[in-house]
1. Quick one: in the range 149-194, which of the residues that are touching a Lys or Arg at 6+ places or on another chain (Cβ under 9 Å) and within 25 Å of MET24 (Cβ to Cβ) is surrounded by the most Cβ atoms within 10 Å (Cβ to Cβ)?
2. Is it true that LEU47 is modelled with pLDDT of 95 or more and hydrophobic (A, V, I, L, M, F, W, C)?
3. I need a count of the residues in the range 65-99 that are free of Cβ contacts under 8 Å to residues at least 40 places away in the same chain, among the basic types (Lys, Arg) and more than 30 Å from LEU163 (Cβ to Cβ).
4. Out of curiosity, is LEU21 in contact (Cβ under 8 Å) with a residue 24 or more places away in the chain and over 21 Å from GLN180 (Cβ atoms)?
5. Would you confirm, using the coordinates I've provided, whether LEU67 is in contact with a Phe, Trp or Tyr (Cβ under 9 Å, 6 or more places away or on another chain), farther than 18 Å from SER133 by Cβ and either assigned to a strand (DSSP E or B) or modelled with pLDDT of 95 or more (or both)?
6. For the range 8-21, what are the residues that are surrounded by 14 or more Cβ atoms within 10 Å (Cβ to Cβ) and polar (S, T, N, Q)?
7. Pull out all pairs, ordered by first then second residue, where Cβ-Cβ is under 7 Å, the residues are six or more apart or on different chains, the first lies in the range 118-140 and is on the phi > 0 side of the Ramachandran plot and outside any strand (DSSP E or B), and the second is surrounded by 12 or more Cβ atoms within 10 Å (Cβ to Cβ) and not polar (S, T, N, Q).
Amino acid sequence: MSEAISSYSVRGLLTDTTRYLIPMYQRNYAWGEGEIKQLIQDVRDMLDKQQKQHNSDNKSHYYIGTLIVFKRSDGSFEVIDGQQRFTTLTLMAICLRRLMNYPSHCLDMSWYDKPNLDFESRKKSSDTFEKLSQGLAPEKLDKSEYNCDVITGFVLIEKELLLLGNQLTDFCDYLFNYVQIARVPVPDKTDLNH
């Protein structure tokens, strides 16, 4: 029997102790400037709407989609759909943890330790996430050894987040605590090869 649909805050998803695996049949990370800007703008629009309604104490949740998964026998989840969004949210958390060290930002990202996302058959992608989460600057990564698309995504995310200026702290609070994603498991006996 398959598990029930679970709703997670972005923070809850990113700190879930379960491992999420991107299998080989999934395409490489491919979100570019348009998709990244749109995700950030969607969250920003909902935050602005909340602030205009003066609901700072009673913010409503905002659903950004689903994460379709298959639970493996070892307890990890294979990501079937939603990997581009999940990867982008993970890159955002890594980027914001790095920005936390800048004195001009009052961000508390101490809750975020390391990604719970792994690329099963893409060593370059896994290595890129590892180096970025260790705080290595993206410009220090040799593009012949690391995943260029992940590096580019990280740089685009950082650029867009820095454009938020003094709204960055409120944006982070809303993104991590009020933005929701639904994790939807497929039935146990689903044939993932077809």
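The values are calculated or read from the model by the stated rules, or taken from the named source; none is laboratory data. Just so you know, these numbers come straight off a predicted model, no measurement behind them. Cβ placement follows ideal geometry from the backbone for every residue including glycine, while neighbour counts extend to all protein chains displayed.
1. So the residue we want is VAL150.
2. On the way: modelled with pLDDT of 95 or more: no; hydrophobic (A, V, I, L, M, F, W, C): yes.
Taking the combined requirement at face value, the residue does not satisfy it.
3. Looking only at that region, the number is 0.
4. Considered against the rule, which asks whether it is in contact (Cβ under 8 Å) with a residue 24 or more places away in the chain and over 21 Å from GLN180 (Cβ atoms), LEU21 comes out as yes.
5. Values: in contact with a Phe, Trp or Tyr (Cβ under 9 Å, 6 or more places away or on another chain): yes; farther than 18 Å from SER133 by Cβ: yes; either assigned to a strand (DSSP E or B) or modelled with pLDDT of 95 or more (or both): yes.
It is true that LEU67 is in contact with a Phe, Trp or Tyr (Cβ under 9 Å, 6 or more places away or on another chain), farther than 18 Å from SER133 by Cβ and either assigned to a strand (DSSP E or B) or modelled with pLDDT of 95 or more (or both).
6. Correct list: SER9, THR15.
7. Pairs found: GLY135/ARG98.
Rundown of residues vs (1) aliphatic (A, V, I, L, M); (2) surrounded by fewer than 16 Cβ atoms within 10 Å (Cβ to Cβ); (3) part of a loop (DSSP other than H, G, I, E, B), yes/no style:
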| site | (1), (2), (3) |
| --- | --- |
| TYR29 | no, no, yes |
| ILE36 | yes, no, no |
| ILE40 | yes, no, no |
| GLN50 | no, no, no |
| ASP74 | no, yes, yes |
